[in-house]
Structures are given as structure tokens and as C-alpha cells.
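Below is one structure, written out as C-alpha cells; the observations come after it.
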Amino acid sequence: MFCEVYLLDLPYHLDRPFDYFTESSDIKVGSIVRVPFGRANRLRFGVVSAIKDAPTMTGGEDINIKPVHSVTHEMFSLSEEMLGLCLFMKEHTLCTFGEAFKAILPPGALSDTLNVRVRKTCKLNLSREAAVTLLLAEGRAGIRSDGQRAVIRYLLDIGSADAELVRLQPGVTSAHIRALAEKGIITVTEDEDIRNPYAQYAKNVDRSEIVLSPAQEKAFDTIESLYIEPTARAALLFGITGSGKTKVIMKAIDRTVAEGKRVIMLVPEISLTPQTVSIFCSRYGERVAVIHSSLSQGERLDAYRRIRRGDVDLVIGTRSAIFAPLDNIGMIVIDEEHEHTYKSEQDPKYHARDIAAYRCAKHGALMLLASATPSLESFYKAKSGIYTLVPLRERYGGVRLPEAIIVDMREELRLGNTSPLSKRLHDSLLGVKERDEQAIIFLNRRGYSSQISCKECGEVITCPRCSVSLTYHSGARGGKLLCHLCGYTAPVPKTCECGSDQLSFLGYGTQKLEGELEKYLPDMPVMRMDADTTQGKLAYDRMLEDFRGGNADILLGTQMVAKGHDFPRVTLVGVALADTSLYVSDFRAAERTFSLLTQVIGRAGRASDGGVAVIQTFSPQNEIIRLACKQDYESFYEGEIALRRELSYPPFCDMAQMTLTASDEVTLMKASKKLSDSILEKLRGEYGRLPFVVFGPFEAQVYKLNEKYRMRMVIKCKLNAASRRLYKELLSEFALERDVTLAIDLNPLSV
Ligand code: ADP
Ligand code: ZN
Ligand code: ZN
């Protein structure tokens, strides 16, 4: 018997199946095997992708086919679906088979020491009387070892106990336990111990009927009618902030699970709080698995095993949970589907939405996307009828959307107010205090001030490793300068390199704003939430709970405070500076700004009427800001999609972004020339029929990152087998280069 094997650690240009022979009947398609490879026949891991009767002859010569060494790691062997998924990812994200394989398995799956925990239990095989008799017996009939006697005495009353506890008794070692087991006086049993850090949430299961509002009911009915159809389908639940999308989703999950099918639900990291987890665990109990990147390796592994054993109906998790080895999937939900974290930045550079679509097709399942501000791509598909549009246009309970007030910060400056707090926001905060409510203030920039520049020579202090300015963070010993890209830190200099001591600190971040709030509103406790204050594993969750519990009046922070949260007491949202992400030179900048502003404004006044949002900006006429204030996604969409069509951006074309990286600029320039020559040659030749637009080479927006220089080229062209073949050829050509790497990102989130 012969099989084709994909090795897991080959470079891109060698990544293809290799033939091996085997006589083992344990080998199946999807098996993980070890096979000899190369001249030295070093053993490597591989995955069997096909089994056949004869090897594939190349050129008819008698090739030397090697034997499979062994089958291993059977618990991770790939189902047909998962094998297909690896090949799909290889083709569509231009990664190697091994990279796809590693993405779909829990981390460390193939390490030698699998972190599987077993729990041992000691059970006394004697009745109480018999045990007492044994302890009292003397000579050869009795037991002389004090340790063994201690074990029997310990088990006398309780009958059985965790071996770990028994061993902790004074004078007892594992040898004593073993000796007693050999004599048959006790039995030691081993059970797989599966960690579920969320078991505590599953205690009081409540599966009472979810009562939907009439509008929600209508949305649910549409989803249900899709669900009943026998083919794979997709729907976009487009609901304004506070419309109660979660409840509709839960009812859809109920429906799916009641039918004996299973569900994956993806949420962004930021939303995967204990509150979210407990909402789902208290409904579906022990049948929930939660997967995210801060679980320990062992916890990840155990979640994987529970899912594979069929113990799980609902998987909730961040991006990688899309690979959960569930059978019989009835629905995949992607909540906040517009979130950029659903796209992986590392190889394989997949988008969870594409993986979801693949899996739904295999299972004939429903893909349910949900968002108040869908990605342009998804809304376009909904409008074109590829997805079913399921709108929810009112807030739950008839609550009105917050009133949004735009404050012109130029006017504040003219009136002599140089602080980052406008009079309007200041007064609104006082009102919140008076009514004993809470406020959220959003500023998309951490640190104290965003840059330091010299008043004499104009120099801005930049990171020595990257081409970006350093951010000043206040703190002990005069604070520090920090690079937000590579983490480089330096003390704050007293003088500029030109000798001048006239340094000015420009722009402000959350740290400075916190100080200002404390200065102007000393009676309102502020909680600052950003990457600097949420470093511990539980810090973020704890802060959210503290704020919910009323430990602070103001929650100030970056994106972390902007999204998804449901704080009933928050009636005011302040956006300290709406412009921060608006003028980035990226074709998605408007979309991102609109979505972020809409989301943060939507945190206000969720429980009752009268919510207010104060938006501070230097460009009060900006259309994006105005539409976000009205929460008018559809008008935003109409304007933006026309622009995309006009300029030929996604969804009207596909883009391939190629990045060349090298630590030496001369090498990089030569490589850029080579890349562009190679592309042009291909376009003149074999690929001449493809409609292409090529840009570059040009410097990446951050040209130097962590000591490496980066050049880019962008190709706009429909993605299909032919264009992918061209990209694959380029990757293979550059795989052989020594000092420069080429990465291709298909449909990147930012360009
Ligand atoms: P969204 O995610 O659409 O912004 P949420 O799902 O957070 O909105 O719902 C907003 C609030 O309304 C939440 O506090 C939620 O519990 C409540 N809510 C929504 N729908 C219902 C319902 N059918 N029954 C009871 N409470 C609901
Ligand atoms: Zn200077
Ligand atoms: Zn840096």
C-alpha cells in the first residue's frame, strides 16, 4: 500500500505530498505519521493525504520509495473535513501545509510530552473491620511499614480518596501506595482528568424560554426559516447597538442544539469576558467549551479533547476556535463580524469568515454573521442577496438611541480652553455625577503624550529600531519613552541631540487625560483601561466588574472600552478625539472610524432613554463623524461603497499585498527590483490575459520595523486559480533567497 504524505516543516517551495509505502493497517487518510526524509533520512512528522495502490511515477524511473516509520498522535489525526481544510488554507492563504496544520490543532499538540493529566484514586479493598483487624495484627499477618499503615488508617473512614491527597499524609510516599496496591489491599485507578476552567459557571443551569420582542421575533423567524433549508446558507444579522442581537443569537443556538446539532460562536477577544461566558454557560452548562489564546496549553488541549469526545454542543471562542473539531455543526456564528481580529496577521493569514464559510458548506450549516456596523464586504453580499439580510432596527425595550453632540475643538481653543476636555463634556460629566450615573470616555491613544519634538531644530524623537515616534509614558523616575510597535524603551532625554533643552510634548493619550479628569473633576473616580493597566491575566475582567459594581464613575480607555459592553448605568459617552484614526492613509480608515465611533456611542443609554454622546473633534464637518453620530450605517455604506466601486477597492476587486523584508537596505532594493521585474515579466508572458493593476514597489507605511526594512507591492486582481498560481510562483522564487523574505497577504485588512 502506498500513501501520500505532507511533511509539516518544509519551506514553501518544497511543500507538496511525497510518496511512502506501508503495510500497516493503522494508517488512514488523515493519520499523523513519522517518515524518513532527505538524504540523512531524519524522521519528520507528516500527515497522510491519500492512500493508493501504486506510487506516482515521475518520468518512469525507478524511484526509491521509503517506508512510513510509524503512526503517532492518534488523538490528533485529521478528519476528512479538517484535512480538506488544511489544503483549502494552503491554496487560499498561500501558506504551507504544516502552517495550516499547526493553526488547526491546539498549541504543542505534537510535542513529546503531551500535557494530559491523569487523576489517580486510591480505594481501600477491605471492609472497615477487616482493615482494623489488619492494623492490629502482629507479625507476618500484619503490616509493619508505618507509611503503609498510615495509608490504611487514612482510607479507613472515607473508603477512597485522590492519590495525591493520600500521598500528602505524613510519612506516606508513592512507594507505600504502590506496595499496598501490589498486595491487593488497595486499588489505584486512573482517570483522565480534563480541565475545564469554566466549570464553575455551569453550576446553575437555567434553560427557561427566551422571550423576544416582536422585532427580535421577526429576525429570529427569518433565521429559523434559513435554518430549515437543507443547503449551506449565510445570514447577516444587522442590528443597531442595543437591539439585543445576543438574545436572538441565543434563541438560534437553542434551536440548533435542540435538533442535536452543534454550534461554534466566535466573539472578539474584548467581548470574551466572564460576563459573556457566564451567560452561555448558565444556559448550556457543561456542554460549553471556551477557547481563547490566554488559556494554558493544557487547558487548550483539554478543551480540544472534550470537543472531540463529543462532550460539547457549543464552542465559544476567539478566532482560532473556528477550528474546533466539532462534528455535526448546525450553525457557526460570528459576532461583531467586522472586527479586524478575525483576520490572522501571521501565517496562515486566514480570515475566520472564510474558514466558517468552508466549514458551513461541508456541514450544510448556517453561517450567521452579526454586527451593528458590518464590514463593507459582508453588507455588500447581503445587499446582493448572497447573504440574507436580517435587520433589527430598533433598540430593545423601545429605548431611544443616544443623542450625539459634536463639539468643535477649534472653537474651544479660540475660547482659550487648551485642555483636552471641552466645556460641554465637562458639564455633562458633572450631570452624570449629580444623577449618580456612569460615563465612558474613549481615546484611541495610550501613554501620556504621543511625541516629543525639539522646538529649536524640529527633530521628533523616534525609535532607533522603527521609523515611528516614541510615546512618552509618565511614571516612576521621570517616566519613559516607549515604542508601541517593538516595545523599545528609553529614559526621557533632558536635551535634544542638537543641544537644545527646549523639548515639547505634543498630543495626549489616556494617561494625560486621566490626569486632566482628576484635576477638573476631583469628585469623580476614574478607572483607566488600556494596554498598560490591563497587563495581568485577569486585570481586564476585574476592571470591568469593578466598574459594573460602581467602583468608579468614569471608565476611560482605548478601544477596550468602546465595544460590546452592556453597562446599564452608563448614560454618557465622551469621545475625546474622534479624528485619531480618520486621516490614516488606508482605504479602510473611514470604515474603521465609522465603526469605532458607532460602537462607542452605542454604549450610552442602553437601559433607558436620555443617553448622550459628546464627540470632540477638530473636523466637525466630517461626514463620517456625522453619520456615526446618527448611527446611520446605511447612509455611510451607500457613500463608501460608491467610493470603493469608483476606485476599485474590495469588494470590487481582490488585493494581494506583497511585503519584502530585509535587515539591509541595499539587499532590499535589489529584491524589490527583482520582484517587480518578475511580476512584469509574468504579466507580459504567461499571465498576459489577467486584468491586473500593479502598484509599487513603495516603502511600507512603517518602513523600518524592529530593525528590519520593508518594501511593498500591491496587485489588484480578481482572485482565482490563475492569479493564485502567479502568487505561488513568486513565493517559490523568493523562498530560495537568503537575506530577504517575501510575504503575500491576500485581501489584507490594511494597505
Ligand atoms: P447588542 O449586542 O445588540 O448591542 P445586547 O444583546 O447587549 O445588544 O442587548 C442590550 C440589552 O437589552 C441587554 O441588557 C439585554 O439583556 C437586553 N435585552 C435585549 N433583548 C432582550 C430580551 N428579549 N429580553 C430581555 N432583555 C433583553
Ligand atoms: Zn533639537
Ligand atoms: Zn520600535
Checking I405 against (1) in a helix (DSSP H, G or I); (2) away from ligand 1 (no atom under 16 Å from the Cβ), the condition it does not meet: (1)
Residue count for region 390-406, restricted to those that are open to solvent by less than 50 Å² (accessible area, probe 1.4 Å) and either touching a strand residue (DSSP E or B) at 6+ places or on another chain (Cβ under 6 Å) or on the phi > 0 side of the Ramachandran plot (or both): 6
Qualifying residue in region 247-260 (condition: in contact with a strand residue (DSSP E or B) (Cβ under 7 Å, 6 or more places away or on another chain) and open to solvent by 40 Å² or more (accessible area, probe 1.4 Å)): yes
Enumerated strands (runs of 3 or more DSSP E) restricted to region 471-533, each holding at least 2 residues that are under 15 Å from S450 (Cα atoms) and within 16 Å of ligand 3 (Cβ to nearest atom): 471-473, 480-482
Residue pairs meeting the criteria (Cβ under 7 Å; at least 6 apart or on separate chains; first in the same structural domain as F698 (by TED's automatic domain parsing), in region 662-688; second in a loop (DSSP other than H, G, I, E, B)): A662/D739; S663/E707; D664/D739; T667/D739; A671/E737; L683/F692
Top-ranked residue in region 500-520 [being within 16 Å of ligand 2 (Cβ to nearest atom) and in contact (Cβ under 8 Å) with a residue 24 or more places away in the chain; ranked as farthest from I554 (Cα to Cα)]: S500
In region 647-682, the residues that are of a type in the set (S, T, Y), out of contact with any Ser or Thr (no Cβ under 9 Å at 6 or more places or on another chain) and not in a loop (DSSP other than H, G, I, E, B): T667, S672, S676, S678
Residue in region 222-242 that is in a helix (DSSP H, G or I), within 13 Å of ligand 1 (Cβ to nearest atom) and either crowded, with 23+ Cβ neighbours inside 10 Å or modelled with pLDDT under 95 (or both) present: no
Subset of region 185-216 (residues that are in a loop (DSSP other than H, G, I, E, B) and hydrophobic (A, V, I, L, M, F, W, C)): I185, I194, V205, I210, V211, L212
Test result for G416, open to solvent by less than 70 Å² (accessible area, probe 1.4 Å), away from ligand 2 (no atom under 14 Å from the Cβ), at pLDDT 90 or above and farther than 20 Å from D553 by Cα: yes
Subset of region 572-631 that is of a type in the set (G, A, S) and part of a strand (DSSP E or B) - its residue that is surrounded by the fewest Cβ atoms within 10 Å (Cβ to Cβ): A613
Output for region 87-99, where each listed residue is closer than 12 Å to Y12 by Cα and in contact with a Cys (Cβ under 7 Å, 6 or more places away or on another chain): F97
Complete set of residues in region 367-388 that are open to solvent by less than 50 Å² (accessible area, probe 1.4 Å) and over 21 Å from P268 (Cα atoms): A382, Y387, T388
Residue among A161, A150, A175 that alone is open to solvent by less than 40 Å² (accessible area, probe 1.4 Å), within 28 Å of E129 (Cβ to Cβ) and part of a helix (DSSP H, G or I): A150
Residue under evaluation G458, criteria (1) within 16 Å of ligand 1 (Cβ to nearest atom); (2) part of a loop (DSSP other than H, G, I, E, B), criterion not met: (1)
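The values are calculated or read from the model by the stated rules, or taken from the named source; none is laboratory data. Just so you know, these numbers come straight off a predicted model, no measurement behind them. For neighbour counting, all protein chains shown are included, and Cβ atoms are generated from backbone atoms with ideal geometry for every residue, glycine included. Heads up: the accessible areas ignore ligands, DNA and RNA and are worked out on the full protein's heavy atoms, side chains in. Shrake-Rupley method; radii C 1.70, N 1.55, O 1.52, S 1.80 Å.
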